[in-house]
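Below you'll find the structure, written out as structure tokens, and then a few comments.
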Amino acid sequence: IRLSALSRFGVIYIMTHDSIGLGEDGPTHQPVEMLESIRSMPNINLCRPADSNETAASYKLALEKTTTPTVICCSRSTLPGLEGSSVEKAMKGAYNAIESEEPDLILIGSGSEVGPCIDAAKTLSNAGIKTRVVSMPCQDIFLEQTEEYQKSVLPGNVPTLSVEASAVYGWHRFSHAQIGMTRFGLSGSGKDVFAAFGFTADNVVSKGKELVEFYKKVGSVPDLSCRPIFDNVMVKDGH
């Protein structure tokens, strides 16, 4: 995979069993570090689709990126179609799956964790916390979009919670707090393992409320988009 990225070969890799959902086989078969490991590699796009529309968008992106390999990470679980998804939206790397004008909270998920985020958002909204849900199948493609589009999805100054059954590293660019993996997984049914690590709608509701209350007490929300991005490469060698 690394060699294809270095060589600028537009290879399409299909990977399955992308999280701790492969419960019974235990930690040896739960790749909690691999998503971020691949994302950190130069010149490669990792797509983690949440439904069939996002899967189609991942293939389309892969075919268009002729000099960049693409890794499409698929869930072992059956995932329902998202009401707010479309191929066109997913082609932007991230989009508002559930919109909310002037939200109090934003939930970001990828793959199988978008569903629990949507369920949590409904509960939070009913409790008076206006909640937007963002599905982010591909971080790098999202970062290629215009600043205006990025801010329309993630303004940066709204309490934002990411939810992904993988390592939390990398999500700090997009969220103020994370529900993710900080250790190896467990052996058990997929449902029980997800619950053990907090990947349930109930826990997302709980942590979402905590995040909103935290910044109410602080008095302000740090703007994640308000920081310089430096290009430290002094020599352009083609890679």
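Some values worked out for this structure:
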quantity	calculated
Kyte-Doolittle mean at least 0.0, axial Cα span of 15 Å or more - DSSP H helices of the chain	114-126
Accessible surface of region 161-220, 1.4 Å probe, proportion on carbon and sulfur as whole %	55
Å² of accessible area per residue within region 94-192, as computed with a 1.4 Å probe and no ligands counted	40
Contour excess over end-to-end distance, with Cα ends at residue 16 and residue 230 and 0.36 nm allotted per residue	73.6 nm
Choice from 121, 90, 56 showing the highest fluctuation, given a GNM over the chain with Cα pairs closer than 10 Å	56
Region 164-239-region 18-43 distance, computed between alpha-carbon centres (Å)	16
Nitroxide proxy distance, nm - points 7 Å out along Cα→Cβ at residue 86 and residue 1	3.2
Share of carbon and sulfur in the accessible heavy-atom surface of region 1-80 [1.4 Å probe, %]	58
Exposed GluC sites (Glu not before Pro) absent - longest run of the chain, DSSP non-H/G/I/E/B, at most 14 other C-beta within 10 Å	145-239
Greater than 23 Å apart at Cα, pairs in 130/207; 65/92; 122/209; 60/89; 151/217; 89/191	151/217; 89/191
Region 141-186: trypsin sites (Lys or Arg not before Pro) falling in loop per DSSP and having at most 12 other Cβ within 10 Å	183
Cβ-derived FRET efficiency at R0 25 Å, residue 186 paired with residue 209, nearest 0.05	0.45
Pairwise label distance in nanometres, residue 127 with residue 152, each label 7 Å out on the Cα-Cβ vector	3.1
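The values are calculated or read from the model by the stated rules, or taken from the named source; none is laboratory data. Treat the numbers as computed from the prediction; the structure is a model and nothing was measured. In this analysis, Cβ positions are derived from the backbone assuming ideal geometry, glycine residues included, and neighbour counts consider all displayed protein chains. When the accessible area is computed, the model is the full protein with side chains, heavy atoms only, and any ligands, DNA or RNA have been set aside. Shrake-Rupley method; radii C 1.70, N 1.55, O 1.52, S 1.80 Å.
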